[in-house]
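Here is the structure we will look at, set down as structure tokens.
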Amino acid sequence: MKYLVLLIGDGAEKPWSEQTEGEQGDAMAKFGEFDAACRAREGVELLAGEALSDSRDATVMRTTAGRVALTDGPYAEVIEGMGGFYLLEAPDLDVVVELLRILPPYDIQIHPTVDVTL
């Protein structure tokens, strides 16, 4: 099953921009550990993962009655603090949760994806 993992916030008590180089290095090491743990775990494949820019850089696209409207900024409050995401394939939610414990202390939202065959 595939899971979308949303990382909310900076994953630390201080925003990334206020962390020392050492604190940032420690956080990045945890991402490396997570990547290695995913690669080492049978049945787990890390399909994608990226850090996101500041929520002020987001654009919302809404389509109503065939008309598209673009607005600056995030769509919802939870997205305002979105730090990044992962898309991974894993046997079950328990495996995903076990692996995510390696990351810095983010609030994390986990969504199973829907397999749609066209």
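Just so it is clear, none of the values below were taken in a lab; they were calculated from the coordinates. Note that the coordinates shown come from a computational prediction; the quantities given were computed from them, not determined experimentally. Here the Cβ is made from the backbone with ideal geometry for all residues, glycine too, and neighbour counts use every protein chain on show.
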With label points set 7 Å from each Cα along the Cα-to-Cβ direction at residue 109 and residue 97, the distance between them in nm comes to 1.9
From the gyration tensor of the Cα coordinates in the chain, what semi-axes in whole Å does the equivalent ellipsoid have, largest first, with each one equal to sqrt(5λ)?
27, 23, 10
Among 87, 61, 17, which residue has its Cα furthest toward the positive end of the charge dipole of segment 2-112, with +1 on Lys/Arg Cβ and -1 on Asp/Glu Cβ?
61
Only helices counted: for the chain, with every DSSP H run of 4 or more residues adding -39500 (n - 2.57) and the sum spread over all residues, [θ] at 222 nm is -8000 deg cm²/dmol
Label-point separation in nm, residue 68 to residue 118, each point 7 Å along Cα→Cβ:
1.6
Given charges of +1 on the Cβ of Lys and Arg and -1 on the Cβ of Asp and Glu, with all other atoms neutral, how large is the dipole of the chain about its Cα centre, in debye to the nearest 20?
460
How charged is the neighbourhood of residue 48? Take every other residue with its Cβ under 11 Å from the Cβ of residue 48, and add Lys/Arg as +1 and Asp/Glu as -1.
-2
Sequence ranges 14-25, 60-71, 101-112, ranked by mean other-Cβ count within 10 angstrom, highest first:
101-112, 14-25, 60-71
